[in-house]
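J.: Here it is: the structure, laid out below.
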Amino acid sequence: MQDRPSSAPEGGPRHVAIIMDGNGRWATMRGRPRLFGHHAGARRVREVVEACPGLGIKYLTIFAFSTENWKRTQTEVAGLMSLFRRYIVKETRALSQRGVRVRFIGDRVRLDAKLIALMDDLEAVTAGNDRVHLTIALNYGSRDEVARATKRLAQDVAEGRLRPEDVDEETLPRYLDTHVLPDPDLVIRTSGEARISNFLLWQSAYAEYEFIDTLWPDFTADELRGLCVSYSTRDRRFGAVKT
Ligand code: FPP
């Protein structure tokens, strides 16, 4: 049984995944460069992570950088990479002290060595924590993840470790970056866009979705609570008929 605090909505989501969208627009509306919005967005990550235990959210997965985000200007990409490095350096102590276990998903090959070292270090330092599991999707794309998983699966078949007839719905997820995580219960996208943008496609097959207008830098713990309460009233049938 999960230890749900009394403040948590009854029947609320255990795994919440968030597409944090709207940083650029938030900054532009203020006449500031897009990176200003990303920095404001990073501060929201802290607030949301801190709210999780009180809401009964054990797993939080956030989309920080997609495999498609490399198409942005060099200035924005470099600024985001620098922001990720600074975030890790600045937040490591607070995350470890608050019992947060951090994992990264996505393909690391295009990331710079310094960032990869910081990611490895943060994962190692927080590996013993279990209060909240924060997964940061960085250079992540669902199709890329499935392609990488399939490649490894095919390798296991080619080398005799797996028989094709044994491949089923339980097999592929074991090769996904998320193999140690439960599937998301609730996927939230901020900023008014109703798209999933290549995020956790396999894992979210039966997730509930919330597309909200708030731009990510304006998103609050209170709003998250409201979405958890609303989730708790939904009737998840997983394809079955209610009896
Ligand atoms: C989408 O907004 C946001 C991103 C591509 C980056 C998300 C990153 C953060 C919130 C920064 C902090 C994250 C961590 C883990 C420190 P957008 O730029 O697409 O906004 P727009 O649609 O208004 O242009």
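J.: Could you list, in sequence order, all residues of segment 14-54 that are of a type in the set (D, E, K, R), near the ligand (Cβ under 8 Å from one of its atoms) and over 23 Å from residue 142 (Cβ atoms)?
T.: First, pick out the residues of segment 14-54 that are of a type in the set (D, E, K, R): 14, 21, 25, 30, 32, 34, 43-44, 46-47, 50.
Now narrow it down to the ones that are near the ligand (Cβ under 8 Å from one of its atoms): 21, 25, 34, 44.
Answer for segment 14-54, where residues must be of a type in the set (D, E, K, R), near the ligand (Cβ under 8 Å from one of its atoms) and over 23 Å from residue 142 (Cβ atoms): 25, 34, 44.
J.: Now a separate question. For the condition modelled with pLDDT of 95 or more and surrounded by 20 or more Cβ atoms within 10 Å (Cβ to Cβ), what is the one hit in 220, 150, 178? Break it down stepwise before answering.
T.: Details: 220 fails: surrounded by 20 or more Cβ atoms within 10 Å (Cβ to Cβ); 150 fails: surrounded by 20 or more Cβ atoms within 10 Å (Cβ to Cβ).
Among 220, 150, 178, only 178 is modelled with pLDDT of 95 or more and surrounded by 20 or more Cβ atoms within 10 Å (Cβ to Cβ).
J.: Something else about it: Can you name every one of the helices (runs of 4 or more DSSP H) wholly within segment 65-176 that holds 1 or more residues which are without any contact (Cβ under 8 Å) to a residue 12 or more places away in the chain and within 24 Å of residue 187 (Cβ to Cβ)? Full working, then the answer.
T.: Details: elements: 74-97, 113-125, 142-158.
Answer list for segment 65-176: 142-158.
J.: Identify the residue in segment 199-217 that is crowded, with 17+ Cβ neighbours inside 10 Å and either among the aromatic types (Phe, Trp, Tyr) or modelled with pLDDT under 95 (or both) and, among all such residues, is nearest to residue 141 (Cα to Cα).
T.: Here the answer is 199.
J.: Moving to a separate point now. Provide a single number: the residues in segment 1-26 that are buried (at least 18 other Cβ atoms within 10 Å of the Cβ), touching a residue at least 60 places away in the same chain (Cβ under 8 Å) and among the small types (Gly, Ala, Ser).
T.: Residues in segment 1-26 being buried (at least 18 other Cβ atoms within 10 Å of the Cβ), touching a residue at least 60 places away in the same chain (Cβ under 8 Å) and among the small types (Gly, Ala, Ser): 4 in total.
J.: Also, I was wondering about something else. Scanning segment 65-80 for residues that are more than 17 Å from the chain's Cα centre (by Cα) and of a type in the set (A, V, I, L, M), which turns out nearest to the ligand (Cβ to nearest atom)? Walk me through how you get there before you give the answer.
T.: Taking segment 65-80 first, the residues more than 17 Å from the chain's Cα centre (by Cα) are 70-79.
If we keep only those that are of a type in the set (A, V, I, L, M) too, we end up with 77-78.
Working: 77: 10, 78: 13 Å.
Checked segment 65-80; the qualifying residue nearest to the ligand (Cβ to nearest atom) is 77.
J.: Also, quick follow-up: Within segment 181-192, can you find the residues that are part of a loop (DSSP other than H, G, I, E, B) and either crowded, with 19+ Cβ neighbours inside 10 Å or of a type in the set (Gly, Ala, Ser) (or both)?
T.: 181, 184, 185, 190, 191, 192
J.: In segment 137-147, how many are surrounded by 20 or more Cβ atoms within 10 Å (Cβ to Cβ) and closer than 12 Å to residue 200 by Cα?
T.: Here the count works out to 5.
J.: What number goes with the only condition from (1) under 24 Å from residue 107 (Cβ atoms); (2) surrounded by 13 or more Cβ atoms within 10 Å (Cβ to Cβ); (3) within 16 Å of the ligand (Cβ to nearest atom) that residue 195 does not pass?
T.: With (1) under 24 Å from residue 107 (Cβ atoms); (2) surrounded by 13 or more Cβ atoms within 10 Å (Cβ to Cβ); (3) within 16 Å of the ligand (Cβ to nearest atom) applied to residue 195, the lone miss is (2).
The values are calculated or read from the model by the stated rules, or taken from the named source; none is laboratory data. Because the structure is a prediction, the values reported are computed rather than measured. Neighbour counts are summed over all protein chains in view; Cβ atoms, including those assigned to glycine, are modelled from backbone coordinates with ideal geometry.
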